[in-house]
Amino acid sequence: MNSSGTIGYSMLMIDAIAGLSVYFAALIFPMCLAKRRKFFLYSIALLSALLLLTLRIILPAMNSAQYLLLSLPVLFIIAGIAAKLQSDFSATISEYEEKRRLPLEAEIARMESENEENADHFIKLQNTFNSINRKFNFVKSFGSSLRFETAWLDIENGTRALLNTTPILHLPRLPGSIPSGFFPFVENGNELFSRREWVEAIGGERKESRELENNRLIWIPLFFGDGQKAVLHLKTDQNIDDDAVEIFATQLNLLLEKMRLYNEVELQSRTDLMTGLSHHAAFKEIFEEEVDRARRMERSVSLLMIDVDFFKQVNDTHGHLVGDQVLIHVAKNIRDMVRISDSVARYGGEEFAVILPETGIDGAKEIAERIRARIEDSPITVKTETEEKTIRKTISVGIASSPPISKNSVELISAADAALYCAKRSGRNRVEASENTK
């Protein structure tokens, strides 16, 4: 290669190196502004570019060997600067990534923690919802019947489902067919009554005991509109839901009160308000049921028809208020002299009827005679507007029994009426049986 070609090639290399030097200087300048520690590199690159430009000017006066000796150090300087820039740039990128990564990782961890908390909260809400739904279903189905036997079955099933236990309920005497006592039957009732908490609950105070290791004993008083109190006794787990206990006790109290009111109204609708006995319509319903049962089971049933002798004279002489007192006295004595399985009704006016299930003619005569003697031997103290006096009354009784009379309620009533008419015609204050029974 001749001298001019070498110089031309060298000039081209110098131009390229000078351009790279200027490029690196321009690239480093912003970094130098941001970080002062890189200012030295910028100065070196800039000086290298100036040196090459100087070589470019004086090149025509230099030979190839001189030019190479001067350009090689510059090339090494430029290469070193490039390597340093690459290292610093990588470090800057890593530092930037680290600054961005750590907050993102913290945010991701926070979001995962929130998700876990939300999942736990959702599970708790689900459990709460299931508990509420279980309680709602219990309340919705609780107390659908006003018959005590069916209602008590609902109570027991509901208690097992809601509280996982069996209730003990102590009921006072309520109207109608609601039985009093313990439900279910408590064999060792004396021991139960000896507990101070039970006695205090009967007095109207809610009590609780945690004497047992894994159980709670709860006594809850239940109040009725007529002032009477029942007591609910529960033996539950230590961790039983208190809200469930309150819901159960409240619903049970409402059910029992509803049953009490229903039976009270039903009893009033079937009762003669003055004497407290069943009225005529209730008597017919009861009597037809008893006659039908006796016919199906082929058993006996008897009917007593009772009339107060010369009752009209009482009203005419002393007034209707005294007459009412006489009827009340007679009704009470009749009720006291019959069995618990017998039914007593005010048939109408001064007439009464007594239904005697499982009783033949001989048994009916014995009961009728006992009632007649009781009325005759019981003086009646009555109050008038001006004074208090004692009067005596008697009754006449007619009896009809099946068999042998046809097992038909209408025929039995007619036969008993005929026997009563016979007793009154025979002088009153006597018992007569239907002719068909002789």
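Subtracting the Cα-Cα distance of ILE123 and GLU105 from their residue separation scaled by 0.36 nm leaves 3.8 nm.
Model label points for ARG147 and SER180, set 7 angstrom from Cα along the Cα-to-Cβ axis, are 2.5 nm apart. Sorting the segments 148-159, 303-314 by their mean number of nearby beta carbons within 10 angstrom, highest to lowest, gives 303-314, 148-159. Checking the Cα-Cα distances for LYS124/LYS229; LYS229/LYS389; LYS258/LYS389; LYS312/LYS365; LYS383/LYS424; LYS258/LYS312 against a 32 Å cut-off, the pairs over it are LYS124/LYS229; LYS229/LYS389; LYS258/LYS389; LYS258/LYS312. Size descriptor for segment 148-269, Kirkwood hydrodynamic radius: 14.9 Å (Cα pairs only, one decimal). In terms of other Cβ atoms within 10 Å, SER302, SER209 run from fewest to most in the order SER209, SER302. Dividing the alpha-carbon radius of gyration of segment 247-294 by the rule-of-thumb value 2.2 N^0.38 Å gives 1.59.
Note on segment 242-337: Cα-only Rg and Dmax are 20.5, 67 Å.
Each label point was placed 7 Å from the Cα along the Cα-to-Cβ direction; for GLN228 and HIS320 their separation is 3.3 nm.
Annotation: peptides 373-385, 348-360, ranked by per-residue average of other Cβ atoms within 10 Å with the highest first, follow the order 348-360, 373-385.
Computed packing ranks the peptides 92-100, 241-249, 361-369 as 361-369, 241-249, 92-100, most packed first, by mean other Cβ atoms within 10 Å.
No value in this document is a laboratory result; all are computed from the given coordinates. Everything numeric in this text was worked out from a predicted model, so none of it was measured. Note that we place each Cβ from the backbone using ideal geometry, even for glycine, and neighbour counts take in every protein chain shown.
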